[in-house]
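Heads up: the structure comes next, in structure tokens.
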Amino acid sequence: MSETLYVVTAGCYSDYHIEAIFKDKSKAEFYCTCHEDCYIEDWTLDDDRVFTPFESVIINFDIYKDKNREDRVSFRFRHLAKEDAKWYMENRESVSVYDSWISICLWRRLPNNYDEEKIKQKYTKVYQDLRGEILYLVSESDCSTYEKREIVDENLQKYLEGRFGIENVEE
């Protein structure tokens, strides 16, 4: 069963801080009468919640059309809880085509015993294999307006579906 705590705070922005925490609201209110510029916030103590961990990675590819700019590939490995991060539990892709670059973002759920280096190698290799095809497809498309770029985004995303691989994760 969740319990409500009464957190007395003060300040704002970088000065925002907790002054005191009470189980009894009347004590928090009395504390505020003895101190200036305090506010009471109701917080829930979640000691009884159960969290089921899972592993995921967010992979970003920024492919630049200008040969003078170096592409970027980045990985952000995350240890999350199913109860709080449902959006990250499904594999998905997002593609955005801009005037000077293409941004591809992959969200991948990973098995509990994944090898970070192998994941990096796998997706970097697939990116290197597909880079030329991606640039070719975009070069053959009209990207002169936002609306036309949206169509290119959708077409490129359809083309890439399944090309980056799906991790098999058992529930």
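Limited to region 140-165, what total is found for residues that are touching a residue at least 12 places away in the same chain (Cβ under 8 Å), part of a helix (DSSP H, G or I) and among the hydroxyl-bearing types (Ser, Thr, Tyr)?
Number satisfying all stated conditions: 1.
When you check residue 64 against the structure, is it farther than 14 Å from residue 110 by Cα and at pLDDT below 95, yes or no?
Numbers: farther than 14 Å from residue 110 by Cα: yes; at pLDDT below 95: yes.
In short, yes.
Just name the residue that is farthest from residue 131 (Cα to Cα) out of those in region 92-103 that are in contact (Cβ under 8 Å) with a residue 60 or more places away in the chain and crowded, with 17+ Cβ neighbours inside 10 Å. Reasoning before the result, please.
Within region 92-103, the first condition is being in contact (Cβ under 8 Å) with a residue 60 or more places away in the chain, and the residues that meet it are 93-95.
Narrowing further to those that are crowded, with 17+ Cβ neighbours inside 10 Å: 93, 95.
On the way: 93: 16, 95: 13 Å.
The extreme case among them is 93.
Suppose we filter region 60-91 for residues that are touching a residue at least 60 places away in the same chain (Cβ under 8 Å) and in a loop (DSSP other than H, G, I, E, B); how many remain? Outline the logic, then answer.
Step one: list which residues in region 60-91 are touching a residue at least 60 places away in the same chain (Cβ under 8 Å), which gives 61, 63, 65, 71, 91.
Those left that are additionally in a loop (DSSP other than H, G, I, E, B): 65, 71, 91.
Count: 3.
In region 37-50, which residues are free of Cβ contacts under 8 Å to residues at least 40 places away in the same chain and either of a type in the set (A, V, I, L, M) or surrounded by 12 or more Cβ atoms within 10 Å (Cβ to Cβ) (or both)?
Answer for region 37-50, where residues must be free of Cβ contacts under 8 Å to residues at least 40 places away in the same chain and either of a type in the set (A, V, I, L, M) or surrounded by 12 or more Cβ atoms within 10 Å (Cβ to Cβ) (or both): 38, 39, 40, 41, 43, 50.
Residue by residue through region 47-59, note down the ones that are under 21 Å from the mean Cα position of the chain (by Cα), more than 23 Å from residue 125 (Cα to Cα) and either assigned to a loop (DSSP other than H, G, I, E, B) or acidic (Asp, Glu) (or both). Even if it seems obvious, please write down each step before you answer.
Applying the first criterion (under 21 Å from the mean Cα position of the chain (by Cα)) to region 47-59 yields 51-59.
Retained after the next criterion (residues that are more than 23 Å from residue 125 (Cα to Cα)): 51-54.
51, 52 - these are the residues of region 47-59 that are under 21 Å from the mean Cα position of the chain (by Cα), more than 23 Å from residue 125 (Cα to Cα) and either assigned to a loop (DSSP other than H, G, I, E, B) or acidic (Asp, Glu) (or both).
Whether any residue in region 73-81 is farther than 30 Å from residue 125 by Cβ and either loosely packed, with under 13 Cβ neighbours inside 10 Å or touching a strand residue (DSSP E or B) at 6+ places or on another chain (Cβ under 7 Å) (or both) is what I want to check. Even if it seems obvious, please write down each step before you answer.
Of the residues in region 73-81, the ones farther than 30 Å from residue 125 by Cβ are 81.
Going one step further and asking which of them are either loosely packed, with under 13 Cβ neighbours inside 10 Å or touching a strand residue (DSSP E or B) at 6+ places or on another chain (Cβ under 7 Å) (or both), we end up with 81.
Yes, region 73-81 contains at least one residue that is farther than 30 Å from residue 125 by Cβ and either loosely packed, with under 13 Cβ neighbours inside 10 Å or touching a strand residue (DSSP E or B) at 6+ places or on another chain (Cβ under 7 Å) (or both).
Which of the residues spanning region 82-105 are farther than 19 Å from residue 120 by Cα and of a type in the set (Phe, Trp, Tyr)?
87, 98, 101
In the list 124, 44, which residue meets the criterion of being β-branched (Val, Ile, Thr) and in a strand (DSSP E or B)?
Details: 124 fails: in a strand (DSSP E or B).
That would be 44, the only listed residue that is β-branched (Val, Ile, Thr) and in a strand (DSSP E or B).
Somewhere in region 80-93, is a residue closer than 27 Å to residue 143 by Cβ, assigned by TED's automatic domain parsing to the domain that holds residue 125 and among the small types (Gly, Ala, Ser)?
No, region 80-93 contains no residue that is closer than 27 Å to residue 143 by Cβ, assigned by TED's automatic domain parsing to the domain that holds residue 125 and among the small types (Gly, Ala, Ser).
Looking at region 109-134, which of its residues are crowded, with 18+ Cβ neighbours inside 10 Å and either out of contact with any helix residue (DSSP H, G or I) (no Cβ under 8 Å at 6 or more places or on another chain) or not assigned by TED's automatic domain parsing to the domain that holds residue 72 (or both)?
If the condition is that a residue be crowded, with 18+ Cβ neighbours inside 10 Å and either out of contact with any helix residue (DSSP H, G or I) (no Cβ under 8 Å at 6 or more places or on another chain) or not assigned by TED's automatic domain parsing to the domain that holds residue 72 (or both), then 119, 123, 127 are the ones that fit.
The values are calculated or read from the model by the stated rules, or taken from the named source; none is laboratory data. It should be emphasised that the depicted structure is a prediction, and the values quoted were computed from it without experimental measurement. As a convention, Cβ positions derive from the backbone with ideal geometry for all residues, glycine included, and neighbour counts pool all protein chains shown.
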